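Worksheet for the structure shown next.
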Amino acid sequence: MDITSISTALLWIVVIAQSLVIYALLRQVGVLFERVAPAGALAMNQKLEVGQKAPEMSLQTVNKKLVNIGGSKSGKSQLVFFLSPDCPVCKTLLPALKSASKHESEWLDVVLASDGDKADHQAFIEKAQLSAFPYVVSELLGKSFGVSKLPYAVLMDESGSIASMGIINSREHLDSLFEAKEHSVASIQDYMQGKTTENQFVEVK
């Protein structure tokens with residue numbers, strides 16, 4: 001056997017060995033992905049539950065326009081996003097919120113909500129370019145929705161029932177609210193565990 005044949009044989013052995021190693025790594029990555037489920041919004045709320053009717057309110061925005069919270073929305077869902085001008089995480093989520101509002105506009109309306117001094121919020125709206133959103137400053141709204149930590153979001157379906165909700169610390173958490181509604185589960189964690197809403201609450205459409 002000449003040197004060329006030996007080199008070719010060794011090269012094939014190396015290629016086969018590498019293929020086996022890559023295959024083993026891919027299997028490990030698959031197992032790891034199954035064990036580490038995607039993180040969804042944590043629904044910490046002692047007043048409301050997914051599936052029940054959301055509180056209905058008619059409130060004035062900072063720009064003195066009326067916005068209806070809850071209730072039937074003629075084919076559209078409503079996302080109320082609770083934030084604060086002093087919340088750093090809230091500010092980092094604004095680009096994701098704007099993007100979601102734009103790309104999901106056919107089925108979703110977004111309302112921003114907070115409390116405190118309206119003058120501070122007006123400055124915040126201008127600085128963060130939030131004038132396209134209805135912006136409500138109401139302590140009652142936050143209390144009625146059981147909001148204790150920020151940023152927090154509540155997604156209501158077309159009939160005014162709560163489809164999903166939770167603390168939002170990332171774009172992934174925000175998307176998890178939409179995914180939970182789409183799969184008719186209380187949270188993305190329930191979906192990953194193979195649960196359905198059939199035995200939990202009325203199906204959200």
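The values are calculated or read from the model by the stated rules, or taken from the named source; none is laboratory data. These numbers were taken from a predicted model, which means no experiment stands behind them. Note that we place each Cβ from the backbone using ideal geometry, even for glycine, and neighbour counts take in every protein chain shown. Protein only, heavy atoms only, side chains kept; ligands, DNA and RNA dropped before computing areas. Shrake-Rupley method; radii C 1.70, N 1.55, O 1.52, S 1.80 Å.
Ranked from largest to smallest solvent-accessible area, with a 1.4 Å probe on the protein heavy atoms, K127, K76, K143, K181 come out as K127, K143, K76, K181. Just to verify a number: what accessible area does D115 come out at with the full protein assembly present, 1.4 Å probe, Å² rounded to tens? Looks like 80 Å² after rounding.
Modelled label positions at Q18 and E56, each set 7 Å beyond Cα in the direction of Cβ, lie 6.7 nm from each other. Put a dot 7 Å past the Cα of S170, heading toward its Cβ, do the same for S74, and the two dots end up 3.9 nm apart.
Suppose all protein chains stay in the model; what accessible area per residue would a 1.4 Å probe give for segment 100-159, in Å²?
Per-residue accessible area for segment 100-159 comes out at 50 Å².
Accessible area ranking (1.4 Å probe, heavy atoms, ligands and nucleic acids excluded), largest first, for H121, H103: H103, H121.
Going by a ≥ b ≥ c, the root eigenvalues of the Cα gyration tensor, does segment 128-177 fall in the rounded group (a/c under 1.5), the prolate group (a/b larger than b/c) or the oblate group?
Here segment 128-177 falls in the rounded category.
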